[in-house]
């Protein structure tokens, strides 16, 4: 069975699972931040939309502890997701590039906590080895 | 709405007949400008009548090598189609319901974004 080709939209088109999910997210300095584990969608007015009556846009990239749910099924509760607002995204390619530094994002707080509370207390851990 | 709630969901017609599964969603960078880029607008959902999974998008990108794999995936995903978001009547916990008289389009992604 063949279907007619889609009317080509004006903007760049890509498929979420194919071109966005599981991609590495790099900050403005090229430092890896996390991967895209899921995507949050809202109506253009910010409202929750669950039908085609209103346009829906991507508002945030989500990252979180998804290893267990990918193995055993289910989904993490909404409170467990760390969000990176789409407003921070600068480019979508083989990796997703941000226009901000990773340190400014909530998603990197465990890394910062380990650095400040554990690594910092190790002798020699409070300064750059260079 | 989380994308994961949509992916792999069964798709049904307005009269309840099964049409397949959501294997992916198509986004277009033509939403309102949000920061450095336009926000990706949900353009439509890709429905495979046979399986809820997709492998490397063989059925959408026109990749034809290795030939054996390409033919296998093209066959496995035959009949995959795109439905515009406007033709989605409801997204429930159990299924994605399409409007009566919804239009189906070829799933091919002519301009690959990445």
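Taken together, the values in this text are just the output of simple stated rules run on the coordinates, not laboratory data. Predicted, not measured: the structure shown is a model, and the values here were computed from it. Glycine gets a Cβ as well: all are built from the backbone with ideal geometry, and neighbour counts include every protein chain shown.
Per Stokes-Einstein, at 4 °C and 1.567 mPa s, what whole-number D in µm² s⁻¹ belongs to the protein assembly as shown, with the Kirkwood radius over Cα pairs as the hydrodynamic radius? Here the translational diffusion coefficient equals 67 µm²/s. A convex hull fitted around the alpha carbon atoms of region A:16-121 yields 134 Å³ per residue. Averaging the Cα positions of each part gives two centres, and for region B:4-70 and region A:62-130 these lie 27 Å apart.
Find the Rg to Rh ratio for region B:64-114, where Rh is the Kirkwood radius over alpha-carbon pairs and Rg uses the same atoms.
1.10
Taking other C-beta atoms within 10 Å as the exposure proxy, A:108, B:61 rank B:61, A:108 from fewest upward. The sum of -39500 (n - 2.57) across all DSSP H runs of n ≥ 4, divided by the residue count of the protein assembly as shown, sets its helix-only mean residue ellipticity at 222 nm to -3500 deg cm²/dmol.
Normalising the Debye intensity of chain B to I(0), with uniform scatterers on Cα atoms only, and taking log10 at q = 0.13, 0.17 Å⁻¹ returns -0.52, -0.85.
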